[in-house]
Amino acid sequence: MPELPEMEAWRRQLDDPVSAFPVAKAGPAHIATLKTFDPPLSTLEGRRLAGAKRRAKRLLFPTEDGELVLLVHLMSAGRIRYLAAGEKGPKTPAFQLAFEGGGRLVLTEAGAKKRAGVWLLTPDAVEAELEHLGPEALGLGPERLGEILAEQPRRLHSLLRDQRVIAGIGRAWANEILHAAQLSPFAPAQGLSPGQVSQLAAAVDSELERGLELRERGAKDAKVYRVHNKLHEPCHVCGAPIERVDFEEHTIFYCPRCQTGGRLLKDRRLSRLLR
């Protein structure tokens, strides 16, 4: 799933082009992708968008008149791009906005499962839709992060991925952040020292900013991730092989030497956790 660096890179890329011309035609939209029907998509036609905004892993496209907001959640396989006038795109996009200048905002989704979603909402409805989200991860700082950790009897990897607690981080960047902070993914959040909290806060900012810079340059996963999906490859810090822990819904990647004192972490389903 695209996370904060990927979503913010898309937001910056889309901000200017989507606000350049009014919407000429809203749709078509796949029946599984469009999540709302009132107001209808056609309500966007003739209106100009006020650029692109982001909240956590969602993109927001408010209308210039302030009356409507197009909300897009890409989930795991959704991708969004702006096609200039005359530029070829997919024959059957999951969702599309065509602008008067000839450009198009196009959402596609790989695979048979259609999980990406598009909502057309009022600003108040958007606020209600997003009210469950925690504070943005980037720029959180050690003081606020320390307060969050103190309230959460959770393990770090699970906590960082919980959008209700901290918004914008998923499994991939949780792996990268915890490696940069030299903390075990299974370390208890309430057990960190003040120095470790500061180390974690710094890693959140440095890793998300690194990811954003690389994504804006068009870097692919292999160049962006240094730990995630790098099983048995040498750690870029110490050279030890990267290991993993598999769960039904996600996989944790980590360096035993940098993060766990040389100990291998065991899957809870198979044996007792080593912390």
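The values are calculated or read from the model by the stated rules, or taken from the named source; none is laboratory data. Fair warning: this is a prediction, and the values are worked out from it, not measured in the lab. Cβ coordinates were reconstructed from backbone atoms using ideal geometry, including for glycine residues, and neighbour counts include every protein chain displayed. Just so you know, the surface numbers come from the protein's heavy atoms only, side chains and all, with ligands and any DNA or RNA stripped out. Shrake-Rupley method; radii C 1.70, N 1.55, O 1.52, S 1.80 Å.
Assess whether residue 153 counts as being surrounded by fewer than 16 Cβ atoms within 10 Å (Cβ to Cβ) and more than 20 Å from residue 7 (Cα to Cα). Give the derivation first.
Details: surrounded by fewer than 16 Cβ atoms within 10 Å (Cβ to Cβ): yes; more than 20 Å from residue 7 (Cα to Cα): yes.
It is true that residue 153 is surrounded by fewer than 16 Cβ atoms within 10 Å (Cβ to Cβ) and more than 20 Å from residue 7 (Cα to Cα).
List, please: which pairs have Cβ atoms under 8 Å, are six or more places apart or on different chains, and start with a residue in region 11-28 that is on the phi < 0 side of the Ramachandran plot and of a type in the set (Gly, Ala, Ser) and end with one that is open to solvent by 50 Å² or more (accessible area, probe 1.4 Å) and not in a helix (DSSP H, G or I)?
19/48; 19/64; 24/45; 24/100; 26/45
So residue 61 ticks every box in (1) of a type in the set (Phe, Trp, Tyr); (2) within 21 Å of residue 6 (Cβ to Cβ); (3) touching a residue at least 60 places away in the same chain (Cβ under 8 Å); (4) open to solvent by less than 50 Å² (accessible area, probe 1.4 Å) but one. Which box is left unticked?
(3)
Scan region 172-190 and tell me whether some residue there is among the aromatic types (Phe, Trp, Tyr), modelled with pLDDT of 95 or more and more than 19 Å from the chain's Cα centre (by Cα).
Yes, some residue in region 172-190 is among the aromatic types (Phe, Trp, Tyr), modelled with pLDDT of 95 or more and more than 19 Å from the chain's Cα centre (by Cα).
Between a first residue in region 111-131 that is within 18 Å of residue 32 (Cα to Cα) and a second residue that is open to solvent by 70 Å² or more (accessible area, probe 1.4 Å), which pairs have beta carbons less than 8 Å apart while being 6 or more apart in sequence or on different chains?
Correct list of pairs: 114/30; 117/35; 118/35; 119/35; 119/129; 121/129.
Examine region 101-114 for a residue that is aliphatic (A, V, I, L, M) and open to solvent by 20 Å² or more (accessible area, probe 1.4 Å), and state whether such a residue exists.
Just the residues of region 101-114 that are aliphatic (A, V, I, L, M), to begin with: 105-107, 110, 112.
Filter once more, keeping what is open to solvent by 20 Å² or more (accessible area, probe 1.4 Å): 110, 112.
Yes, that holds for at least one residue.
Kindly state which strands (runs of 3 or more DSSP E) lie completely within region 1-76 and contain at least 1 residues that are of a type outside the set (Lys, Arg).
By residue number, 23-29, 58-62, 69-73.
Can you pull out every residue in region 185-195 that is farther than 20 Å from residue 162 by Cα and in contact (Cβ under 8 Å) with a residue 12 or more places away in the chain?
194
When only residues in region 239-260 that are in a loop (DSSP other than H, G, I, E, B) and closer than 19 Å to residue 200 by Cα count, which is nearest to the chain's Cα centre (by Cα)?
255
Of all the residues that make up region 166-204, how many are buried (at least 21 other Cβ atoms within 10 Å of the Cβ) and at positive phi?
1
Filter region 120-143 down to the residues that are over 18 Å from residue 65 (Cβ atoms) and open to solvent by 40 Å² or more (accessible area, probe 1.4 Å) and list them by number.
128, 129, 131, 132, 135, 136, 138, 139, 142, 143
Filter region 7-43 down to residues that are out of contact with any Phe, Trp or Tyr (no Cβ under 8 Å at 6 or more places or on another chain) and among the hydrophobic types (A, V, I, L, M, F, W, C) and give me whichever is most open to solvent (accessible area, probe 1.4 Å).
The selected residue is 37.
Does residue 189 qualify as being in contact with a Pro (Cβ under 6 Å, 6 or more places away or on another chain) and more than 17 Å from residue 258 (Cβ to Cβ)?
For residue 189, the condition - in contact with a Pro (Cβ under 6 Å, 6 or more places away or on another chain) and more than 17 Å from residue 258 (Cβ to Cβ) - is not met.
Could we say that residue 213 is surrounded by fewer than 18 Cβ atoms within 10 Å (Cβ to Cβ), free of Cβ contacts under 8 Å to residues at least 12 places away in the same chain and over 29 Å from residue 266 (Cβ atoms) here?
When the stated conditions are applied, residue 213 passes them.
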